[in-house]
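I have placed the structure first, in the form of structure tokens, so that the comments after it can refer back to it.
Since every read-out is calculated from the coordinates, none of them should be taken as a lab result. This structure is a prediction, so every number in the text was calculated from the model and none was measured. Heads up, the Cβs are rebuilt from the backbone with ideal geometry, glycines too, and the neighbour counts pull from every protein chain shown.
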Amino acid sequence: MTRILCAMILLSVSVASPGGLAAAQDGPGPDAVQLPAIPAPVAVELDSRTTAFLVLDLNEAVCTPRPMCPPTLPQVASLLARARAAGVTVVYSSGRTPTQVLAPVAPRGDEPLVMGGANKFFQTDLDQILVGAGANTLVIVGVSANGAPMYTSFEANSRGYTVVVADDGLSAASDFDLFLARYQLLNQPGFDNPQNNPLMAGRVTLSRTDMITFR
């Protein structure tokens, strides 16, 4: 019985792997995918009168359980302070269930909050808030980089907004999820900026919290 079981396992590995047992034993073959390099963040200067800062899902329910998220909060808080001082519109998001935004980056006064899934424009009043504020450029930070930051950026581009994503204000459940988001942000179909040229209209620019200034 043991011999029969082992034979069945070996056969299933051989069938499931394009190179059979050799592929399983020898590792990646010559056709293994080479991950592309992500361009370095670039400096940007933004008009505070037409910029909005979106803080996506930095709350107890989503950020706290993910080890990569809390270390991003000091950088986000620093950029948030400079944005507020410059008069930039600040907008928050959460998931579909209310939860407490973490203290270092918590809303002040009447700063609005929208509730929705990964695309924060979908079935929310985010676009109306941004239009009312006169914003045409968005700065985005947030957790689940391959979720809310990525999908909200794509929707923003499709609506004509120029987006700046602060790379050190992103976090995810894994390094690969973070890589995936960074790559996709710069290679969105129809809205690509693969060389990360600063402030391409209707595209995403990857920057960093200490490289973003307001005038």
Review point. Quick one: which of Val204, Val163, Val143 is β-branched (Val, Ile, Thr) and out of contact with any helix residue (DSSP H, G or I) (no Cβ under 6 Å at 6 or more places or on another chain)?
Key: Val143
Revision key, fill the gap. Those residues of the range 122-136 which are part of a loop (DSSP other than H, G, I, E, B) and either surrounded by 13 or more Cβ atoms within 10 Å (Cβ to Cβ) or within 21 Å of the chain's Cα centre (by Cα) (or both) amount to Phe122, Gln123, Thr124, Asp125, Ala135, Asn136
Practice item. For the range 182-202, name all the residues that are touching a Leu at 6+ places or on another chain (Cβ under 9 Å), more than 21 Å from Leu79 (Cα to Cα) and touching a residue at least 12 places away in the same chain (Cβ under 8 Å). Key: Tyr183, Leu186, Asn193, Pro194, Gln195
Review point. Somewhere in the range 163-173, is a residue more than 12 Å from the chain's Cα centre (by Cα) and of a type in the set (S, T, N, Q)?
Key: no
Check your understanding: For the range 181-210, what are the residues that are under 20 Å from Val55 (Cα atoms), out of contact with any Pro (no Cβ under 6 Å at 6 or more places or on another chain) and not acidic (Asp, Glu)?
Key -> Ala181, Arg182, Gln184, Leu185, Leu199, Gly202, Arg203, Val204, Thr209
Point to revise | Test result for Asp127, of a type outside the set (Val, Ile, Thr), touching a residue at least 12 places away in the same chain (Cβ under 8 Å) and at negative phi | key: yes
Exercise for review: Scan the range 74-83 for residues that are within 15 Å of Ala145 (Cβ to Cβ) and surrounded by fewer than 22 Cβ atoms within 10 Å (Cβ to Cβ) and report the count.
Suggested key: 1
